[in-house]
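The values are calculated or read from the model by the stated rules, or taken from the named source; none is laboratory data. Predicted model only: the values in this text are computed from it and were never measured. Cβ: placed from backbone, ideal geometry, glycine included. Neighbour counts: every protein chain shown. Ligands, DNA and RNA are excluded from the accessible area calculation, which covers all protein heavy atoms including side chains. Shrake-Rupley method; radii C 1.70, N 1.55, O 1.52, S 1.80 Å.
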Amino acid sequence: MKDNLIITIAGGGSTYTPGIVSALLSNSSKFPITEMRLYDINPKRNKDMKLIINQLLIDKDRQDMKLVVTENPEEAFTNVDFVFSQIRVGGLAMREQDEKIPLKYDLVGQETCGLGGFAYGLRSIGGILEIVGYVQQYAPDAWILNYTNPESIISEAIRRKYPDANMINVCDMTISLEETIASNFGYDRKNWIPTYYGLNHYGWYSKIYDTSLKRDVMPEIIDKLRQVNMDVAEFNEGDRYWAKTYQLMSAMVKYFPEALPNNYLEYYWFPDLMVENEDKYFTRANMVMEGREANTRKMAEQIRNGETEDILHFNFGEHGNYIVDIAVAILNDEPKRFMVITPNKGSIPNLREDAVVEVPAYIGATGVEQLALHPINDFHKGMMEAQVAAEKLLVDAFFENSYDKALQAFTLNQTVPSARAAKQVLDEMLIANKDYWPELH
Ligand code: NAD
Ligand code: G6P
Ligand code: MN
């Protein structure tokens, strides 16, 4: 095992960086880092995060680790071993537009679902292709572990442009959901072996095997959810957005009790209800700006003012641990099971091979080795096929600069009832995204 790793966090100014760094520091015996680099295009966010991470290293007595904070890609990626990627092209200001523009037309306005997710996709692809390009140039053997959203669309673009990249795309939603369910109903998630299939933020559990109870606990969880609403997980406490999200799980399994859905399916099954529940003038982006984002700025300011006692308050649940566990499994070649976003290649046998799906896989030194699953039913297959086609059309629009393909993608999105509404939103988003989207004509 290599014992002098260099790692880079791309989007180092992200509010999630401290969580990932904490997880890395907790795993130092199995993941020995000597140099940590933060790469971001925003110097102000880089400066703030440098203060915070430096303070974290002091608090954990890890000042032996070299910390490099840079806006220079060559300095960031040369000879790096692992890249953790979590960029947000356009920042929270553009997330706010993604959410608010569709809501004006009574359509779902969300970070990764519906037309907000598609707008984010057209912004994000360029940024992530740039990062993968830098890694190919400066450290072609490095692993890229990616959290950057919207993940299905990102993964489809990477699959086309860099099919051989050492890149693994993962999402923390399945573990967050499992953690919430387990703690609500008295299970221990660490005993669970979940089987899940779908697209990112768009899938279903078919089985949750509990190794301690020695049975599939999914049917009883669905029964429980049908009887009682869930509360929020500890790390989301006080967060009414997530509280509502988890409570709506009960409504979903009352309608469709044969499989446990990902909470994000709420946006596709109940778009009208989700729009009704939104405040069109104060969306999730605003909550995050006033919460996580403001707290991060405040922490940096406090350190700048010389206050260093007890200021690092972070609780990101399993987010950091999950991606670091994958890095540890690769480096130590200790294959473990994770949920990954990856080209289907037959995993779901009755879905096109070149769809990007989210399925269980073992990950070790050889990368992703996904499971072969059972064929899926027509309800789920029909939904997924429409969503896959819409995402592929969107990625076509990006690479071909095609307005027509973008309009087809927007129209096919299952949160959209008419081509007219799709076109109105697309045209307004084109203007709002003029600094970020490729030209569409
Ligand atoms: P954030 O805005 O706080 O941080 C993102 C950082 O990326 C910013 O500092 C920004 O300056 C930087 N950035 C933007 N474009 C860049 C580029 N081209 N190159 C380098 N850096 C760039 O956002 P956040 O809330 O911390 O989220 C970060 C990302 O992680 C988002 O894409 C978000 O959707 C994603 N996320 C994914 C999951 C998951 O489970 N998949 C979970 C949480 C967050
Ligand atoms: C979950 C999802 C991510 C998404 C995040 C949004 O973690 O898996 O893909 O980005 O939630 O959280 P936020 O607090 O930014 O709304
Ligand atoms: Mn996610």
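Annotations
- Taking the Cα centre of the chain as origin and assigning +1 to Lys and Arg Cβ atoms and -1 to Asp and Glu Cβ atoms, the resulting dipole is close to 220 debye.
- Applying the Karplus relation 6.51 cos²θ - 1.76 cosθ + 1.60 with θ = phi - 60° to the stretch 172-184 yields 3J(HN,Hα) values of 8, 5, 4, 5, 5, 5, 4, 4, 5, 5, 4, 6, 5 Hz, where x marks Gly and Pro.
- DSSP-loop chymotrypsin sites (Phe, Trp or Tyr not before Pro) across the stretch 216-318, with at most 16 other Cβ within 10 angstrom: TYR281, PHE282
- Magnitude of the charge dipole, the stretch 231-328, Cβ model with Lys/Arg +1 and Asp/Glu -1, debye to 20: 260
- Remark: for residue pairs LYS207/LYS336; LYS100/LYS423; LYS30/LYS345, the C-alpha separation exceeds 20 Å in LYS30/LYS345.
- Cα gyration tensor of the stretch 205-257 - equivalent ellipsoid semi-axes, whole Å, descending: 22, 15, 8
- Stretched out straight at 0.36 nm per residue, the stretch from LYS44 to ASP310 would grow longer than its current Cα-Cα span by 93.4 nm.
- Among beta bridges from DSSP that stay inside the chain, the antiparallel ones total about 55%.
- Rounded to 5, the percent of DSSP beta bridges in the stretch 5-169 classed as antiparallel: 0
- Net charge dipole, the stretch 5-169: roughly 180 debye, given to the nearest 20, about the Cα centre with Cβ charges of +1 for Lys and Arg and -1 for Asp and Glu.
- Fully extending the segment from PHE185 to ARG337 would add 52.4 nm, taking 0.36 nm per residue of separation and subtracting the current Cα-Cα distance.
- Placing unit charges on the Cβ atoms of the charged side chains and taking the dipole of the chain about its Cα centre, the candidate lying farthest along the positive direction among HIS380, GLN302, ILE87 is HIS380.
- Distance between the modelled labels on ILE431 and TYR362, one decimal in nanometres: 5.5 nm (7 Å Cα→Cβ projection).
- Carbon/sulfur fraction of accessible area - the stretch 256-406, other protein chains in place, 1.4 Å, %: 49
- With R₀ fixed at 41 Å, the C-beta to C-beta distance from ASP272 to GLU439 puts the FRET efficiency at about 0.75.
- Label sites at VAL68 and LYS254, each approximated as a point 7 angstrom past Cα along Cα to Cβ, lie 5.6 nm apart.
- Between ASN286 and ASP141, the distance separating the two model label sites (each 7 Å from Cα on the Cα→Cβ line) works out to 5.2 nm.
- Cα-based shape type of the stretch 19-60, given that a ≥ b ≥ c are square roots of the gyration tensor eigenvalues and the cut on a/c is 1.5: prolate
- Förster-model FRET efficiency, 22 Å R0, ARG226 and LYS381, C-beta, rounded to 0.05: 0.35
- Peptides 156-165, 193-202, 373-382 ranked from most to least packed by the mean count of surrounding Cβ atoms within 10 Å: 193-202, 156-165, 373-382.
- Computed from the Cβ-Cβ distance with R0 of 45 Å, the FRET efficiency linking LYS104 to LYS60 stands at 0.45.
- Each of GLN55, ALA23, ILE9 was placed along the dipole of the stretch 5-169 (beta-carbon charges, centred on the mean Cα), and the one lying farthest toward the positive end is GLN55.
- Among the protein heavy atoms, those of THR342 account for about 10 Å² of accessible surface (1.4 Å probe, every chain in place).
- Ligands, DNA and RNA left out, the accessible area of the stretch 5-169 computed with a 1.4 Å probe is 45% carbon and sulfur.
- What the chain shows is 41 Å² of accessible area per residue, with the surface traced by a 1.4 Å probe over protein heavy atoms.
- Its Cα gyration tensor gives the chain an equivalent ellipsoid, and the semi-axes of that ellipsoid, as √(5λ) in whole Å with the largest first, are 31, 26, 23.
- Summarised in one figure, the compactness ratio Rg/Rh of the stretch 5-169, Cα atoms and Kirkwood Rh, is 1.00.
- Considering every alpha-carbon pair of the stretch 316-421, the percent of pairs per 5 Å bin, from zero through the bin containing the longest distance, is 2, 12, 16, 16, 14, 14, 14, 8, 3, 1, 0.
- Pairs spanning more than 27 Å between alpha-carbon atoms, out of LYS214/LYS381; LYS44/LYS392; LYS190/LYS224: LYS214/LYS381; LYS44/LYS392.
- For the stretch 177-288, alpha-carbon Rg over 2.2 N^0.38 Å: 1.09
- As an equivalent ellipsoid, the stretch 100-207 spans semi-axes of 28, 23, 11 angstrom, where each value is the square root of five times an eigenvalue of the C-alpha gyration tensor, largest first.
- Once the Cα-Cα distance is subtracted from the 0.36 nm per residue extended length, the ARG240 to ALA372 segment shows a gain of 43.8 nm.
- Amide H contacts of VAL83 (H built 1.01 Å from N, under 5 Å, at least 5 apart or other chain): THR8, TRP143, ILE144, LEU145
- Under 13 Å from LYS66, Cα to Cα: aspartates and glutamates that are on another chain or at least 8 residues apart: GLU35
- Most positive-pole-ward Cα, SER206, GLY117, LEU393, against dipole of the chain from beta carbon charges: LEU393
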